Structures are given as C-alpha cells and as structure tokens.
Amino acid sequence: MDVAVRPRYREILVNPMFLITALFAVFPFVPYIGKFISMGTAVIIWCLFAMGFNILLGYTGLPSFGHGAYFGIGAYALGITFKHLIHGLWIPLILGVLVGTLITAGVGLLLAKKRGIYFALLTIAFSQMFYFIAFRWDEVTGGETGLSGIDRMAIGIPGLFSIDLSVGINYYYFVLVVFVVSMWVIWRIVHSPFGRVLQAIRENEVRTQYVGYNTAAYKWASFTLSGLFASLAGCLHVLLQNAAFPEVLEWTKSGDVVMMTLLGGGLVNFYGSILGASIFIIFRDLLSSFWENWLLLYGSLFVLIILFVPTGILGILTQKKGRAVLK
Amino acid sequence: MELFLSYLVNGIVNGLVYAVIALGFTLILGVMQVINFAHGILFAFGAYFFFSLNRYVGFWLALVISSFLVGVMGILIERLAIRRVYTKNPLFGLLLTFGIAMALEEMIRMVWGKPGHSVTAPDFISGVVDLGIMYYSKYRLFLAGLSALLIVLVWLFLEKTPHGAIIKAGAQDSEMVMALGKNLPRVRTLVFGLGAALAGVAGVIAAPIHSIRPVMGTYVLMPAFVIVVVGGIGSFWGSIIGGLIFGISTSLYPGRFTDIIPYFLMTLILLWRPRGLMGEKSILEV
C-alpha cells in the first residue's frame, strides 16, 4: 500500500459500527428510556444472535429454521456447568459456547450437503429433538421448570479491581463489549475471501463447485460459525435471566431470529439484522404488555413483510433489490 | 404379550392418522414446494369447527362441514398469500405460512378461549370391542378405518383421475405442464384445498381422543416434518410408511424419552439414505 491508510475522524464518525456502539453506549443515560436496562441488554443479545445467524441466512443463503436450538444448547450447557460443576463466570461461559459450537458442528456435518427445502426441514426436526431432550431429561436440565439460580459472578483481577455483574448496568456494558468485539469479528469474516466464497455459494452453488471449491465444507463452516454466535448469545441470555427454560429451544423461537433478520433487511445490508433485532424486541415487549392477543398482530405483520417488503427496512431505505436468497 | 399387542395396535392407529396429516403436507410440498407451516393449525381448526358444530348437526354432518370449511380456508390461504411466492425461494413459503399459523392460532384463542375443550365419540362407536386377543376401543378402530379409507381415496384420485396425473406431472415439471395448456394455478389451488381438507378431517376424527387445545396444531406439525423426511419428500407411500413408523415407534415403549425416538430414527435414516425411504431423487433433492 503506497498511501498511508489513516482513517480520518469524519470517516470514523459516520462508520455504522461506531454509530451503533455509541448509540448502545449512551442508552442507559437517556432520560426515561434508559431505565429499561434489562430490555436494552436483551436487545443487544438478540442483535448478536441475529448477526451471527445472518452469516448463514444472508451470506450463505441457507435458511435454518432451527437455530433457536443452538442458542438454547449454549444456554443449557452454561447452566448445567454452573449448577453441577463450577460456580464461576468464565469457565461456564467458555464451556457453554464450546459445547454449543461442537454440537452445531456435529449437526452441520449431517446438513452440509443439503440445500433448500431439505435443509430447512432438517434444521427444524433437529431443533425439535434437542427441545425434547431438554424437556424430558429432568435430572440434568430441570425438565419443564428449567434451571434457575444461575448467578452472575463478579469479574476482575483479585486485589486490583472487581466488577459486580449482578448489577444490571454492569452486565449491560459487559454484554455490549462482547457484542462490539463479535460485530467486528463477524464483519471481518463476511468481508474476507472466505466470506466471498459463502456469497458465491448463495448465488450459485453448482458454479462455485465447478470453480473448485468444496462447497459442503464452506457450508459446514458457515453453519458452525453461526452456531458459535448463537450459543454465545444463548449464554449471555441465560446470565441475563439467571435461568434457562426449555422454551428457548422451541422451534417457534427459531422463527423469531429469521423474522428479525428479514425485518431489518439483513439480506441486503450487514447492519440490517441489528436494526431488525432491536425493533423486534422493543415492539414485542411494548405490544405484549398492553394486548393479550398481540400474536395475532405479530403473525399478520410477519405475513405482510414477507409479501410486500421482503427486503426489509434497510432494503426500502437503500432502494436495493433483495439478494439471491429472496429471488 | 397382550400389552405389547395393544401398544402395537395403538401405534398403527396413531400411525394411520399421522399418515393422513402427512399426506396432505407432502402433497402441498411436492406440488407447490411450500413447507406448509399452517398445516397443523388447519388440523386444529378441523377439531374446533367440529366441536362447535357437533352438538347442533350430529357427528357425520359436522365431520363433512368441518372438513369442507378447512378446505375452503386452505383455498383462501393459497389464493391470498401463497400464490405470490411460488417462483421465489422456498424460504418465502415457509415464513409466510409460519406467520399465518401464528395469527390463526391466536385467532383460535380469541374465538374459543385459551382452555381446552373435549368432545365425546357418538354412541354407535363408543365402548370397546372384543378382538379375540384383547378388548379394544371401538372409536380407535373407527379412526383407523376412516384414515385407511381416506388414504385409499387419495391414492385413487392421484393414480386414476386426470387431475391426479396433472398434479403428479406438475410436481415434476411445472413449466412443461403449463406449456401443454393445463391450468396449473387452478390445480395448485385444488391441491392446497385438498391438503387442507385432509388436515381438517384428521383434526375432526382425532378430536374425541385428544383434548382440543389451541396448541394442538403445533403438536402434529412436527410429526408431519419427521414423517416426510423419513418417508421421502413428495412420496405418497413414503408418508404412509413414515406415518406408521412414527405411530408405532412412539407407542411401543411408553416412557419419558418416547418423543425423541422418531428424531433419532430420522437421523439414522438420513445417514443411511438421505432422500428418505421412498424418496425419489428427482423431486426437490438437489
């Protein structure tokens, strides 16, 4: 590179990644709204989930309808470690993500050669299997009542400083840091040569094979990566709720993350899934608090978006056409 | 031994009902390439319509009217929504019907309330019958007989009528069928109505042995997925065999982990024969 690449301040300021980080960082200080710190934390966690999921849906074009399972497996793996093995933060968290990623990788091996309808059907059926395991294996998973009493421990360096994560705002910023790092990592992944191959598979898998790529291996990697971020989000969610419930594994929950991605326009823009997840969680929380049958409106909205604005909000704003996945 | 036999018979009866549900599901999937998430909720509507009609018009009329109404719902759903997404990615049909199912389930809660209801079997088929080796519920036998009859009727329709030929051809190559001057859009509407009516009739006849609840649709949708994956997408015999496998495998060993057995079977079949037991390579599996 012959020109010194030093981004100017203005370029940094208009960078969406910076804007999103700044927006989330000042959120707790917004008068009246900032008191919803728990909802804010949930929004960031779902943004992380949706962003990771979009590696698979938006960039590789693979419609998984059972990703709630990997979110839930991460959640349960953390919960089980915490309840049965070790009281702490880092080890349960790392084990949760590791177990979630490994199981996703295992399922991915079976799914890597599938596409389209077969792929979608199988993801649904697998998620249902994991749901039943969580629901029935009382001794380990707590069955219907789930696992409770999963506390957030303090982090810090002994003798120097300590941050009590059980305080809402501290945990909010902890999640925010994880989110920002993940956002940067995911951005790098989808903009790398590896990410380009994923997009090539989305556009035309057969042609990508003929060029010489082992598309099954790339699809497997994409599936596993999305599972990694799903289980990370699941772990953070379990710590937010201090409990894990079998509902997180139910297949209807998997529809939520697909909806978020489509709603915001994750298929036309990297930041779409973040926008979608934020709107989705806020809208759902507000609506369900004053209307018992809010699902009627939610389901109808779902239908209207699919039929009339499949490119999502960012798709309308940027006037872009949907990508291959939406042809 | 006797216990085993009664479990086996129960499994076959349940399996036949599952087969009827999966048949409608696989028909819609095979012809339209739409994973119909609303299939389960149509099953539930069958049961609810029957619940409301049964006390006024009697069993048989309630059965016919309820199935017909669910068929009409299917046609409306196809005309108003699904018709618009045929040429697009399968994800669209899946999401669309997912949203429809969610809204319709909530509609059931608004109309019929959250708590469950129950209906009783009519007098002429209540009680038990002596099968020689054991006593068995008359209603369950009736259930099996009616399911088998429906399966035969669908088979005759697909194999012996011109409509059936167009449907099967449409599943293979829709462009060619249209080029031959057949009205494919109308055939698709018909198939959707038929598939919906099959779900509805299954809901009606299952109503007396289940409690009628808003979530009942969700509970039959998953078996339909597994049956279709196990049997092979778009295959008539696949859904019958898959339905029986599902019914028997969940009835033979009653216990906590029974629900998981079909999913393990599914995984095994996937590893050994990815297209499903009766699946043909040409349909949908790329």
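The values are calculated or read from the model by the stated rules, or taken from the named source; none is laboratory data. These numbers come from a predicted model, not from an experiment. Ideal geometry is used to build each Cβ from the backbone, glycine not excepted, and the neighbour counts take in all protein chains shown. Just so you know, the surface numbers come from the protein's heavy atoms only, side chains and all, with ligands and any DNA or RNA stripped out. Shrake-Rupley method; radii C 1.70, N 1.55, O 1.52, S 1.80 Å.
Structural remarks
- The interface between chain A and chain B buries about 4400 Å² of solvent-accessible area in total (1.4 Å probe, ligands and nucleic acids excluded).
- Computed from the Cβ-Cβ distance with R0 of 45 Å, the FRET efficiency linking residue A:155 to residue A:207 stands at 0.40.
- Rounded to the nearest 10 degrees, the inclination of helix B:184-206 to the longest alpha-carbon principal axis of chain B is 10 degrees.
- Lys, Arg +1 and Asp, Glu -1 on Cβ, resulting dipole of chain B about Cα centre, debye, nearest 20: 520
- Stokes-Einstein diffusion for chain B at 4 °C, viscosity 1.567 mPa s, with a Kirkwood radius from C-alpha pairs, works out to 67 µm²/s.
- Region B:213-286-region B:180-208 distance, computed between alpha-carbon centres (Å): 21
- Every Cα-Cα pair of region A:47-149 was included, and the share exceeding 19 Å stands at 47 percent.
- Here is the result for region B:201-283: no chymotrypsin sites (Phe, Trp or Tyr not before Pro) lie in DSSP coil with at most 15 other C-beta atoms within 10 angstrom of their C-beta.
- Residues A:256, A:164, ordered by accessible area of protein heavy atoms at a 1.4 angstrom probe radius and largest first, appear as A:164, A:256.
- Against the rule of thumb 2.2 N^0.38 Å, how large the Cα Rg of region B:149-204 comes out: 1.20
- For the protein assembly as shown, the calculated P(r) over all alpha carbon pairs, in 20 Å bins from 0 to the bin holding the longest distance, is 19, 52, 25, 4, 0 percent.
- When the helices of chain B are scored as -39500 (n - 2.57) per DSSP H run of n ≥ 4 and the total is divided over every residue, the value at 222 nm lands at -24000 deg cm²/dmol.
- The Cα atoms of region B:164-247 cover 48, 24, 17 Å along the three principal axes, with the biggest extent listed first.
- Over region A:185-301, the Kirkwood radius and the radius of gyration, each from Cα atoms, give a ratio Rg/Rh of 1.05.
- Helices assigned as whole DSSP H runs in chain A whose Cα atoms extend at least 24 Å along their own long axis and whose mean Kyte-Doolittle hydropathy is 1.6 or higher are found at A:37-54, A:90-111, A:168-190.
- Of the chymotrypsin sites (Phe, Trp or Tyr not before Pro) found in region A:184-293, the ones in coil according to DSSP and having at most 13 other Cβ atoms within 10 Å of their Cβ are A:291.
- When +1 charges are put on Lys and Arg Cβ atoms and -1 charges on Asp and Glu Cβ atoms, the dipole computed for region A:106-229 relative to its Cα centre reaches about 780 debye.
- Among B:193, B:203, B:181: highest mean-square fluctuation, GNM of chain B, C-alpha pairs under 10 Å: B:181
- Charged-residue dipole, Cβ positions (Lys, Arg, Asp, Glu), region B:1-138 about Cα centre, Debye nearest 20: 560
- For region B:75-137, radius of gyration divided by Kirkwood radius, i.e. Rg to Rh on alpha-carbons: 1.30
- Accessible area per residue in Å² at 1.4 Å probe, computed on region A:236-327: 39
- Radius ratio Rg over Rh of chain A, counting only Cα atoms, Kirkwood formula for Rh: 0.97
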